[in-house]
1. What pairs come up if the first residue lies in the stretch A:133-159 and is under 16 Å from B:ILE177 (Cβ atoms), the second is open to solvent by less than 20 Å² (accessible area, probe 1.4 Å) and basic (Lys, Arg), and their beta carbons are under 9 Å apart, counting only those six or more places apart or on different chains?
2. Select, from A:ILE113, A:ILE140, A:ILE152, A:ILE109, the only residue that is among the hydrophobic types (A, V, I, L, M, F, W, C) and within 9 Å of chain B (Cβ to nearest Cβ).
3. Checking A:ILE64 against (1) in contact with a helix residue (DSSP H, G or I) (Cβ under 9 Å, 6 or more places away or on another chain); (2) within 11 Å of DNA strand C (Cβ to nearest atom); (3) at pLDDT 95 or above, which test does it fail?
4. Looking only at the stretch A:177-189, count how many residues are open to solvent by 30 Å² or more (accessible area, probe 1.4 Å) and either in a loop (DSSP other than H, G, I, E, B) or at pLDDT 95 or above (or both).
5. From the list B:ALA146, B:ALA123, exactly one residue is more than 14 Å from chain A (Cβ to nearest Cβ) and among the small types (Gly, Ala, Ser). Which is it?
6. Out of B:ASN156, B:ASN163, B:ASN119, B:ASN105, which single residue is within 16 Å of DNA strand C (Cβ to nearest atom) and either at pLDDT below 95 or at negative phi (or both)?
7. So in the stretch A:79-96, with the set limited to residues that are more than 22 Å from the chain's Cα centre (by Cα) and open to solvent by less than 90 Å² (accessible area, probe 1.4 Å), which one is nearest to A:VAL147 (Cα to Cα)?
8. Which condition does A:GLN106 not pass, out of (1) within 22 Å of B:LEU114 (Cα to Cα); (2) surrounded by fewer than 19 Cβ atoms within 10 Å (Cβ to Cβ); (3) without any contact (Cβ under 8 Å) to a residue 60 or more places away in the chain, if it passes all the others?
2 protein chains.
Amino acid sequence: MKKQLKIKPVADSSTEEKIKNAARIIFHKKGYAATRTRDIAEEAGINLALLNYYFRSKEKLFDIIMLESLHDFRQHIIVALNDEKTSLESKIETLVSNYIDLLINQPDIPLFILSEIRNNPQALISKLNQKEIITKSYFIKQFQQAVQEGKIVHINPLHYIMNLIGMIVFPFVGRPILSYVGQLKQDDFNNLMEQRKILIPKWLKAISKVK
Amino acid sequence: MKKQLKIKPVADSSTEEKIKNAARIIFHKKGYAATRTRDIAEEAGINLALLNYYFRSKEKLFDIIMLESLHDFRQHIIVALNDEKTSLESKIETLVSNYIDLLINQPDIPLFILSEIRNNPQALISKLNQKEIITKSYFIKQFQQAVQEGKIVHINPLHYIMNLIGMIVFPFVGRPILSYVGQLKQDDFNNLMEQRKILIPKWLKAISKVK
DNA sequence: ATATTTTTTAATCATTTGATTAAATTATTT
DNA sequence: AAATAATTTAATCAAATGATTAAAAAATAT
């Protein structure tokens, strides 16, 4: 591996990166069980044995992709929810906007994560780590304060979280049905999602007043 | 098959029913690709060959389960949305309530359908049939009328549908994460869902006023 | 009671699929 | 340039898995 001493190759140029990128695409699209290592090899344009040469096994490769996906998926929440400098409202706005941007680029992440969790709850839930990233976030403090000040109606914050994440994520999870029912093309769908960047924070504000 | 001439056996008593029920459980929980016919046979307490004797192949059995699941999943929408006797508000209320009841009983249906659609969009989307069940429903007529009367703000009805279905379905799809983050037990979760039967219609009303 | 049909089982097959091996090729070092 | 190390390939293995077969058992009909 002396290669690493040289200048770092552009993304996807190294064999290892080619395999990882191919694996990400296939795993995200079909899930672990429906993915054949041969499909990954073909997508990457490499010999099947190379996959095992670099990553030892399908499972090890999968673990790497899953870990990165979980990281992407969480990072947007954690960062946005723990910024102590911003107001509750602006936190929501950036979270919604960043999240939708991520999902426009990698629309298969949520369904990928959710179905793998279904197949293997214990293993993956533990990898989510830090149970408290949400419950102990600065966001929750602000939320509870807003409740005390009467700005937000008294309600289980989990309802609020479900609505927040649900309104962002669900369209991407249900996209095929939605696009079918609404006769949406790629751009139509993305435009709707762009609209939701603005709308969801407003909706959440309205919801938080409902008794 | 002279058996059929006799009294219809109670559910699950016939071998065919035993296999179908086992298949439903395993397919819903693990999806098509991750399901082994041997797992179904074991769950049903029968010999593997019997599965093929009754259903010919894994795929044929799967198709039956999928069709029934799609039917359950759609029926609640179709019926509720096309009742000409009820107001817009009461339609929402019954739809939300019926839907949550269904999902409390069969919580794996949404993720099952959504991930199989991901793996095989064309085949399954076509089975959804009637593109127009929603767009040409009596509900949409009422909705558009309410918009004209200024009772609902002018907005793409798809946003409304996404929020409606999303608020109902997403908690079930994200249940493992949610239960982990919120430290919820089975009953805690169901109680939250019961609350949402009342809350979601109120939230939707509030949302429909937002400019 | 016997014959026939239906249901069930154990054993086996054929294909798919994740993984390995040994050899060939390419790159790097001396 | 020769030697060594890293990368890549074709061929192959072994286990898993969907499916079939032939025979046994149970149910039904004659």
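1. A:HIS159/B:ARG196
2. On inspection, the qualifying residue turns out to be A:ILE113.
3. Checking A:ILE64 against (1) in contact with a helix residue (DSSP H, G or I) (Cβ under 9 Å, 6 or more places away or on another chain); (2) within 11 Å of DNA strand C (Cβ to nearest atom); (3) at pLDDT 95 or above, the one that fails is (2).
4. Residues flagged as open to solvent by 30 Å² or more (accessible area, probe 1.4 Å) and either in a loop (DSSP other than H, G, I, E, B) or at pLDDT 95 or above (or both) within the stretch A:177-189 amount to 6.
5. Sole residue among the options that is more than 14 Å from chain A (Cβ to nearest Cβ) and among the small types (Gly, Ala, Ser): B:ALA146.
6. Just a single option satisfies the conditions, and that option is B:ASN119.
7. The residue in question is A:SER87.
8. Failing condition for A:GLN106: (3).
The values are calculated or read from the model by the stated rules, or taken from the named source; none is laboratory data. Everything numeric in this text was worked out from a predicted model, so none of it was measured. Positions of Cβ are generated from backbone atoms using ideal geometry, with glycine treated the same way; all protein chains shown enter the neighbour counts. Just the protein is used for accessible areas: all its heavy atoms, side chains included, with ligands, DNA and RNA removed. Shrake-Rupley method; radii C 1.70, N 1.55, O 1.52, S 1.80 Å.
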